[in-house]
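This report concerns only the one structure given below.
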């Protein structure tokens, strides 16, 4: 799981976000309805970080995903995976 960090969003106050480069984790977060606020390139030039709002809730869901406790409908997970892949390939 990626560490929490802060991003400044225009004139909005600092909000906390969760970043992950793991596609499976990002699909799980998306499948439960957490808002993805963007993609950012990693320093390696090959991969991207998925950035999710609601850092505390995102971190809880990510822990459930990695521990195997998270349960989401298979169709929702597959749709999220496809949607995130489309966004990745559109950025390349």
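The values are calculated or read from the model by the stated rules, or taken from the named source; none is laboratory data. Computed from a predicted structure; not experimentally measured. For neighbour counting, all protein chains shown are included, and Cβ atoms are generated from backbone atoms with ideal geometry for every residue, glycine included.
Taking into account only those residues within the range 39-75 that are over 15 Å from the mean Cα position of the chain (by Cα) and not in a loop (DSSP other than H, G, I, E, B), which is nearest to residue 17 (Cα to Cα)?
Top of the filtered list is 67.
Out of 62, 26, report the one residue that is closer than 17 Å to residue 90 by Cα, crowded, with 21+ Cβ neighbours inside 10 Å and at pLDDT 95 or above.
Going through 62, 26 in turn, just one is closer than 17 Å to residue 90 by Cα, crowded, with 21+ Cβ neighbours inside 10 Å and at pLDDT 95 or above: 26.
Would you check if residue 33 is more than 21 Å from residue 16 (Cβ to Cβ), outside any helix (DSSP H, G or I) and free of Cβ contacts under 8 Å to residues at least 12 places away in the same chain?
Here the answer is no, as residue 33 does not meet what is asked.
All but one of (1) outside any loop (DSSP other than H, G, I, E, B); (2) at pLDDT below 95 hold for residue 9, so report the exception by its number.
So the condition that residue 9 fails would be (1).
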